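Worksheet: one structure, shown below.
Values quoted throughout were computed directly from the atomic coordinates according to the rules given, and no laboratory measurement underlies them. Nothing here was measured: the structure is a model prediction, and the numbers come from that model. Here Cβ is always computed from backbone atoms with ideal geometry, including for glycine, and neighbour counts include all displayed protein chains.
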Amino acid sequence: MLIEKVDIFFHAAASVKFDDYLRDAILTNIRSAQEAALLALEMKKIKIFLHVSTTYCNIDNKTVIDEVLYPQDGNWRNAIKLAESYDFNVLNILMPKYIGVFPNTYTYTKQLAEHCINDLLVGNVPTIICRPSVVVSSLVEPFQGWVGNFNGPVGLLLAGATGLLRVVYAKKDTAIDYVAIDSLVKIILVAAWEKGTFGNKDTLNIYNASKHKNVPFTIDDLITLGKRLYWDVPFERKIWFPGNSNTSCFYNYFLQVIFFHMIPAFFIDILLRIFGHKPLYGIFNKREEPLLTLIFSLFKIQRKIYIATIALAPFTLNEWEFLNVNTTNMNELIPAKEKIDFNFMIRPKCNAAIYDLYFNSSNFVRSVLFKETKEITKENRIRTKRMYYLDRTIRAFFAVWLFWFIFWKINILNWFLQITTNYWKSLN
């Protein structure tokens with residue numbers, strides 16, 4: 001049926017994991033692209049082939065990414081041969097050397113996949129590559145705030161809203177480039193229409209689905225917005241009152257992870273098991289796990305958050321400019337009667353509009369994906385206030401205890417004075 005009847009091929013299947021093993025990433029992102037391209041060549045009525053890539057697949061030693069096909073780093077054919085024939089463990093050992101300056105196997109394999117599509121299809125089938133940046137919740141359709149998973153900024157807000165994420169490893173002034181999921185779908189549809197109407201099969205059309213030079217939205221803005229949403233959209237199932245900070249110093253980040261993530265998670269898991277409560281991993285995921293898994297469930301979640309944060313670090317500590325001239329010009333080609341339905345340049349124009357987007361997204365995640373009550377209950381808001389005052393009280397007691405311990409218990413001033421006095425005496 002595919003070979004006989006299909007005339008438009010949208011290829012969006014890929015693994016978006018940043019910590020995939022090299023073999024898995026090659027087979028999923030490159031070989032699958034090869035198989036899709038070979039299938040397209042067999043299709044008798046094929047008119048358009050559109051491959052979904054990512055703006056981050058060409059960030060090796062670049063700060064400005066244009067809508068062009070950059071020279072490939074490596075060879076996609078050799079990569080497939082390596083994945084199919086080399087030992088799994090050997091590939092993992094060689095991975096850092098193999099991917100070079102790329103931050104992970106995802107970005108590396110996606111840039112090779114672009115060349116796979118170009119080499120096999122351009123000149124034979126009208127071909128398009130669409131590169132979205134960070135995909136966030138829908139802006140308009142099916143309604144504002146819809147999202148199908150916890151990827152991207154929504155995942156960070158969720159981890160913060162449940163009290164799991166206390167510190168973010170990022171530069172506060174790093175701007176986040178994003179595109180709403182419904183805008184991305186419109187870009188894909190319009191790109192296929194534009195190629196079929198005005199394009200030819202001998203050229204490759206590339207579109208960066210980014211918000212280039214739109215309203216800047218930084219990591220600090222996201223954290224500030226999150227702190228406001230913790231009050232406006234409180235989650236029922238949270239382990240502590242939400243609170244976030246960020247740091248770009250790894251040692252500072254690591255110490256905060258130990259003291260504010262790992263140690264509390266360990267003791268909370270132990271206490272829950274001692275008092276006969278269901279551990280938090282079961283609460284959040286509604287799964288039955290073996291006893292030993294459940295005992296250290298929250299600790300395992302925090303470990304996963306740490307691994308994910310480190311994997312995200314190249315993107316939260318650095319910033320790129322994704323040019324989108326082709327994408328912007330394509331929007332002008334949409335007929336006037338179709339503008340209402342297919343205009344993909346509709347974006348939040350101010351901070352208030354950005355807040356509304358994340359408010360609706362958080363509320364959707366809370367009520368639908370997290371399966372909480374549709375309306376935020378009065379009891380939920382009261383419990384949130386209690387957690388806030390408890391959090392502040394414990395912080396105050398800890399600050400007083402720390403002050404007492406340093407200046408009275410170990411008498412650090414006297415100790416410092418003694419060392420200074422002895423030093424001056426030794427000079428004489």
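Under 18 Å Cα to Cα from residue 349, which aspartates and glutamates show up? Leave out anything in the same chain fewer than 8 places away. Cα-Cα hits under 18 Å: 141, 177, 182, 221. Note on 230, 86: ascending count of other Cβ atoms within 10 Å places them as 86, 230, the fewest first.
Each label was represented as a point 7 Å from its Cα along the Cα-to-Cβ direction; for residue 342 and residue 377 these points are 4.8 nm apart. For region 61-199, the equivalent ellipsoid derived from the alpha-carbon gyration tensor has semi-axes of 30, 26, 14 Å in decreasing order.
Sorting the segments 161-172, 330-341 by their residues' average number of neighbouring beta-carbon atoms within 10 angstrom, most packed first, yields 161-172, 330-341. Our note on the geometry: Cα centres of region 366-416 and region 309-347, 40 Å apart. Charges on Cβ only, +1 for Lys and Arg, -1 for Asp and Glu, centred on the Cα centroid of region 341-428; of 405, 361, 384, which one is farthest towards the dipole's positive end? Of the candidates, 405 comes out farthest on the positive side. Placing one equal scatterer on every Cα of region 124-174 and applying the Debye formula, the log10 ratio I(q)/I(0) at q = 0.29 Å⁻¹ is -1.13. With just the Cα atoms defining each centre, how far is region 143-193 from region 79-95? Give it in Å. Going from one Cα centre to the other spans 32 Å. Among 412-422, 178-188, the peptide with the highest mean count of other Cβ atoms within 10 Å heads the list, and the full ranking is 178-188, 412-422.
With the simple model of a label 7 Å out from the Cα in the direction of the Cβ, residue 350 to residue 86 spans 5.4 nm. The Stokes-Einstein estimate for region 309-353, based on a Kirkwood radius over Cα pairs and taken at 25 °C with 0.890 mPa s viscosity, is a diffusion coefficient of 180 µm²/s. Less than 5 angstrom separates the built amide H of residue 140 from those of 182, all sequence-distant by 5 or more or on a different chain. Structural size metrics of the chain, computed from C-alpha coordinates, are Rg and Dmax of 25.7, 97 Å. Net length available on complete extension from residue 224 to residue 141 is 27.2 nm, with 0.36 nm assigned per residue and the Cα-Cα distance removed. With just the Cα atoms defining each centre, how far is region 227-248 from region 28-68? Give it in Å. Here the two parts' Cα centres lie 38 Å apart. Length, then width, then depth: along the principal axes, the Cα atoms of region 1-125 run 44, 36, 22 Å.
The phi-based Karplus calculation (6.51 cos²θ - 1.76 cosθ + 1.60; θ = phi - 60°) puts the 3J(HN,Hα) values of region 406-412 at 6, 9, 10, 5, 9, 6, 5 Hz, whole numbers, x for Gly and Pro. Axis angle, to the nearest 10 degrees, between helix 181-198 and the longest C-alpha principal axis of the chain: 20 degrees. Cross-link check: pairs 186/337; 45/81; 47/186 evaluated at a Cα-Cα cut-off of 22 Å; pairs beyond the cut-off: 45/81. Treating r as the C-beta distance of residue 197 and residue 93 and R0 as 51 Å, the FRET efficiency rounds to 0.55.
Straight-line reach from residue 238: taking Cα to Cα under 17 Å and skipping same-chain neighbours fewer than 8 places apart, the aspartates and glutamates in range are 269, 372, 375, 379, 391. Charge dipole of the chain (Cα centre as origin; +1 on each Lys and Arg Cβ, -1 on each Asp and Glu Cβ, all else neutral): 1640 debye, rounded to the nearest 20. Residue ranges 381-387, 203-209 sort as 203-209, 381-387 when ordered by packing (mean number of other C-beta atoms within 10 Å per residue, highest first).
When both bridge partners sit in the chain, DSSP labels roughly 5% of those beta bridges antiparallel.
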